[in-house]
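Scroll down for the structure; my scribbles are underneath it.
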């Protein structure tokens, strides 16, 4: 017998955590029912920039205490289901359903928690946390306000990608960076230089086109401090703690290197927002 | 006349055969009792043994029964790991079984308070697919560690290639994670006890009244001392291997 917490849970922010905590408070093992891709992407055809990858979403939900995560592929057929049909297919036999009070499902978003209550489920309606929302987090990250985003998330914003071969330029400057490839559906902050961490190492992260070198392709390049290892082909989750500065064009390379050295020093003294220090 | 679906209320002990899912068993019993039906923790299709079903009004008591310690009997193939830690996964790696002294050392490290990774296949499902198939879709989830308590972990039988274990573990412990920690995978898994309830008492025809079931786990609302015997049952011998 389980409690099912249902929702998109993109970013697993503080509001999502309160839903999960309400589910855990029933004393039952908690199964999370979530969707992929984002229903708005499917229904409206607009790209919704995801705060977290699906992998990271699942990891965070399990870390918070979910016993099981079920990911339902969201398609136009899913969206067209009458809510009663969806409930019968996905929630049959589920005693307790927990969701945020604004949870809607099924065709024309007609289904809600009151309907599930009427269908015989015990419903735990979790009030929204004032001011905390995925869209507000997206806005803050777009602006480069990573501290504000971390307050909403309850942890730092992260970039989750794979390390691929890059321009090999950082190494020649004395700061070898990893070139992080991301799923194009993911939210990326405003271009600039950030302090953060990856693999328990502090990291200075450059996000943008490297204008000093006249680049025009977006690159995400973390430099892991005091790290000596090969990351090629590996998954890397990078926490972004604080925005340090805009991207710049320098008069010459020594000036660029001097600025990187200052960025690295500021990275050493940066503090992790939104939660307890880990790395 | 009580509201429909709430009576009979109580606990039903079922010995699940290998094959059907726990939900298939719940549905089958529900079809007979015509009540709401919950459970005190599922078993994977390949596993057998004790399922605790909660009928009617007693589904509300699930919180008291899901956290009970569990006892299992499992055969571990020490010569290969699988993607799921059980026979349903794909062969991951074949290797020489550990020598007996090494096995003893590994077992000793698994007793007491331990941390084990949650088997991904248990925890993550995409559209009903078990997680091991998700690697093909580029999804690799890093499984967090779960704290478990292993109160007993005894060798019942041992050949060079396999070992049969009798385990008493805290609720939420994945036996497959223990098999994986030994470098093998479970070929059989049987749940012999859930808290004070033993699989030898399993009888789908009998409903244990909720107050009696709660008394046996020393739960809230008990009117009998904890551990009181269930008089309606034919005084079962507790399974001891």
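The values are calculated or read from the model by the stated rules, or taken from the named source; none is laboratory data. This is a predicted model, so every value here is computed, not measured. Heads up, the Cβs are rebuilt from the backbone with ideal geometry, glycines too, and the neighbour counts pull from every protein chain shown.
What to note about this one:
- The numbered conditions (1) at pLDDT 60 or above; (2) more than 16 Å from the chain's Cα centre (by Cα) are all true for residue B:224 except (1).
- Answer from A:147, A:141, A:164 - the residue that is touching a residue at least 40 places away in the same chain (Cβ under 8 Å) and crowded, with 21+ Cβ neighbours inside 10 Å: A:141
- All conditions but one from (1) out of contact with any strand residue (DSSP E or B) (no Cβ under 7 Å at 6 or more places or on another chain); (2) outside the structural domain of residue A:264 (by TED's automatic domain parsing) apply to residue A:230; the one that does not is (2).
- Counted residues, the range A:38-62 - those being in contact (Cβ under 8 Å) with a residue 12 or more places away in the chain and in contact with a strand residue (DSSP E or B) (Cβ under 8 Å, 6 or more places away or on another chain): 12
- Positions within the range B:105-125 being under 15 Å from residue B:184 (Cβ atoms) and at pLDDT below 95, in sequence order: B:116, B:119
- Only listed residue being surrounded by fewer than 20 Cβ atoms within 10 Å (Cβ to Cβ), under 24 Å from residue B:171 (Cα atoms), at pLDDT 85 or above and touching a helix residue (DSSP H, G or I) at 6+ places or on another chain (Cβ under 6 Å), chosen from B:15, B:86: B:15
- Residue A:11 meets each of the listed conditions (1) closer than 25 Å to residue A:116 by Cα; (2) crowded, with 23+ Cβ neighbours inside 10 Å apart from (1).
- Within the range B:11-45, being more than 19 Å from residue A:120 (Cα to Cα), within 14 Å of chain A (Cβ to nearest Cβ) and in a helix (DSSP H, G or I) holds for B:22, B:24, B:25, B:28, B:29.
- Residue match in the range B:127-149 (condition: at pLDDT 90 or above and under 15 Å from the mean Cα position of the chain (by Cα)): yes
Conditions tested, residue by residue: (1) assigned by TED's automatic domain parsing to the domain that holds residue A:58; (2) surrounded by 12 or more Cβ atoms within 10 Å (Cβ to Cβ); (3) touching a residue at least 40 places away in the same chain (Cβ under 8 Å).
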{"site": "A:194", "(1), (2), (3)": "no, yes, yes"}
{"site": "A:197", "(1), (2), (3)": "no, yes, yes"}
{"site": "A:200", "(1), (2), (3)": "no, no, yes"}
{"site": "A:209", "(1), (2), (3)": "no, yes, no"}
{"site": "A:223", "(1), (2), (3)": "no, yes, yes"}
{"site": "A:238", "(1), (2), (3)": "no, yes, yes"}
{"site": "A:249", "(1), (2), (3)": "no, no, no"}
{"site": "A:252", "(1), (2), (3)": "no, no, no"}
{"site": "A:263", "(1), (2), (3)": "no, yes, yes"}
